[in-house]
Amino acid sequence: MTWGAILGGEGNRNGGAERPPEEEAMTLSAGDIALMRESFERLQPHVIEASELFYTRLFEIAPELRPLFRSDMTGQGMRFMTTLGVIIQHLDDPEALAPYLKRLAEGHAAYGVRAGHFAPMGKALVATMRETLGEEFPEGADRAWAEAYEMLARQMARS
């Protein structure tokens with residue numbers, strides 16, 4: 001199964017009718033997945049710093065999201081990075097990743113996370129990657145991360 005099928009772009013339940021452009025399924029190329037895996041691997045020596053920086057950037061971008069999170073931001077950050085690692089491992093297997101994203105979405109919804117909260121998180125993620133890795137952040141990785149995050153957030157919002 002492809003990401004297009006998971007997101008409704010292929011073999012969708014509406015009989016193949018055209019979807020609005022904002023709902024068209026994105027695809028991740030093998031090159032995009034490789035860039036994401038490479039940059040995530042480069043992030044590992046700095047994972048604690050990056051996990052803390054992510055929430056700093058998130059709350060700068062969207063301070064209204066702060067009440068959704070516990071006070072232990074170091075632990076929260078490490079859980080986020082661990083989750084990101086699981087997702088990165090399975091980007092080339094959307095069928096296996098779909099149930100994981102569904103459970104993740106259900107857990108987030110229980111904490112009050114809504115679809116509109118995902119966009120600032122994506123911006124904070126790309127900013128964190130770029131800031132933490134500096135010149136080690138591969139060219140094109142920011143686009144790959146942003147597109148993948150948008151696609152995954154859209155999948156979670158539909159769950």
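The values are calculated or read from the model by the stated rules, or taken from the named source; none is laboratory data. Note that the coordinates shown come from a computational prediction; the quantities given were computed from them, not determined experimentally. So basically every Cβ, Gly included, is an ideal-geometry build from the backbone, and we count neighbours across all protein chains shown.
Residues that are surrounded by 17 or more Cβ atoms within 10 Å (Cβ to Cβ) and in contact with a helix residue (DSSP H, G or I) (Cβ under 6 Å, 6 or more places away or on another chain) within the range 89-99 comprise Leu91, Pro94, Ala98, listed in sequence order. Just wondering, is there one or more residues in the range 79-92 that are assigned to a helix (DSSP H, G or I) and more than 22 Å from Asp32 (Cα to Cα)? Checked the range 79-92: at least one residue is assigned to a helix (DSSP H, G or I) and more than 22 Å from Asp32 (Cα to Cα).
Could you check the range 61-72 and list, in sequence order, the residues that are more than 23 Å from Tyr100 (Cα to Cα) and either surrounded by 11 or more Cβ atoms within 10 Å (Cβ to Cβ) or touching a Cys at 6+ places or on another chain (Cβ under 8 Å) (or both)? Residues satisfying the conditions are Ile61, Ala62, Leu65, Arg66.
Among residues that are modelled with pLDDT of 85 or more, part of a helix (DSSP H, G or I), under 16 Å from the mean Cα position of the chain (by Cα) and surrounded by 12 or more Cβ atoms within 10 Å (Cβ to Cβ), Ala109 is not included. For the range 44-55, a residue qualifies if it is surrounded by 15 or more Cβ atoms within 10 Å (Cβ to Cβ) and either within 12 Å of Leu125 (Cα to Cα) or among the acidic types (Asp, Glu) (or both), and the qualifying residues are Ala50, Ser51, Glu52, Leu53, Phe54, Tyr55.
Would you be able to say whether some residue in the range 138-152 is within 15 Å of Phe40 (Cβ to Cβ) and not in a helix (DSSP H, G or I)? Within the range 138-152, one or more residues are within 15 Å of Phe40 (Cβ to Cβ) and not in a helix (DSSP H, G or I).
For the range 116-127, the criterion of being loosely packed, with under 14 Cβ neighbours inside 10 Å and without any contact (Cβ under 8 Å) to a residue 60 or more places away in the chain is met by at least one residue. For the range 63-96, the tally of residues that are in contact (Cβ under 8 Å) with a residue 60 or more places away in the chain and more than 20 Å from Gly140 (Cα to Cα) stands at 2.
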